[in-house]
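Below is one structure, written out as structure tokens; comments come after it.
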Amino acid sequence: MLFFSGVLFIYILSGVAMNHQNLFNPQYDVSVQQYRAEGQFPHGANFTKEEILKLLEPVSEHHHYKKHFYPNSQTLKVFLSTGSSFTVNTLSGKVEYQGIKRRPFLFQLSFLHYNPGKYWRYFSDSFAISIIIVIITGLIMNKGDRGLFGICGIEFALGIIIPLLFLIF
């Protein structure tokens, strides 16, 4: 039973973190930095890759260059292999860097909810079946007014109805 408790604890911890995504992102830490790039500005829509790599050095992303494009005549947008992005106003040199880094521990725990592989699927399915068996045995163990056709059954039904009401409304 403690085995199940440990697995359930991991699911609960990551589930609570995922429930509060309006307060913080449980998987990624997103930071935004704004500053003025050094160099000749105004600059046209013809940055070389070497110039772009120099622009990325202050945020230590020059090794993560993926590609770039010009959404308009005065904006250079750089995509990075880390998922971060880097935008430069080619007239003023103003930079907005959005850095994305995985949150240690919570990223991995949250990832379990997305079924990361075949073996995890087998494990989580067997865990779910085991929990169903624990629930069923708990429901039929008690007899009389504390059993399935008494208060236990009412509590079980409410445990199903309340989440379904949240889905409906």
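The values are calculated or read from the model by the stated rules, or taken from the named source; none is laboratory data. Since we're looking at a predicted model, the values are computed, not measured. Glycine gets a Cβ as well: all are built from the backbone with ideal geometry, and neighbour counts include every protein chain shown. When the accessible area is computed, the model is the full protein with side chains, heavy atoms only, and any ligands, DNA or RNA have been set aside. Shrake-Rupley method; radii C 1.70, N 1.55, O 1.52, S 1.80 Å.
Around Ser60, under 13 Å between beta carbons, what's the net of Lys plus Arg minus Asp minus Glu among the other residues? Intermediate results must be reported in sequence, preceding the final value.
Details: positive: Lys54, Lys101; negative: Glu57, Glu61.
Once positives and negatives cancel, what remains is 0.
What percent does the relative contact order of the stretch 46-169 come to when contacts are Cα pairs within less than 8 Å and at least six residues apart?
Numbers: 90 pairs, mean separation 11.4, N = 124.
After rounding, I find 9 percent.
Using a Gaussian network for the chain with springs between C-alpha atoms less than 10 Å apart, which of these wobbles most: Thr137, Thr82, Thr90? In the Gaussian network model the winner is Thr137. Computed over the chain with a Gaussian network model linking Cα atoms closer than 10 Å, the most mobile of Arg146, Arg102, Arg121 is Arg146. The stretch 1-33 and the stretch 95-168 have their alpha-carbon centroids 14 Å apart. Taking each residue as 0.36 nm, the span from Thr137 to Glu51 lengthens on full extension beyond its C-alpha to C-alpha distance by 24.2 nm. As a fraction of the 1.4 Å probe accessible area of the chain, surface on carbon and sulfur atoms comes out at 63 percent. Just to be sure I follow the rule: in the chain, considering lysines 8 or more places apart or on different chains, how many pairs have Cα atoms under 17 Å apart? Taking the Cα cut-off of 17 Å, the pair count is 11.
For the chain, a crude dipole built from +1 on the beta carbon of Lys and Arg and -1 on the beta carbon of Asp and Glu, taken about the Cα centre, is about 220 debye to the nearest 20. What does the C-alpha gyration tensor say about the overall shape of the chain? Classify as rounded when a/c is under 1.5, otherwise prolate if a/b is larger than b/c, or oblate. Judged from the Cα gyration tensor, the chain comes out prolate (a/c at least 1.5, a/b above b/c).
The long axis of helix 151-168 is offset from the longest Cα principal axis of the chain by roughly 30 degrees. Surface exposure of the chain, expressed per residue as accessible area with a 1.4 Å probe, stands at 71 Å². Axis of helix 118-141 versus longest Cα principal axis of the chain: the two differ by about 30°, to the nearest ten degrees.
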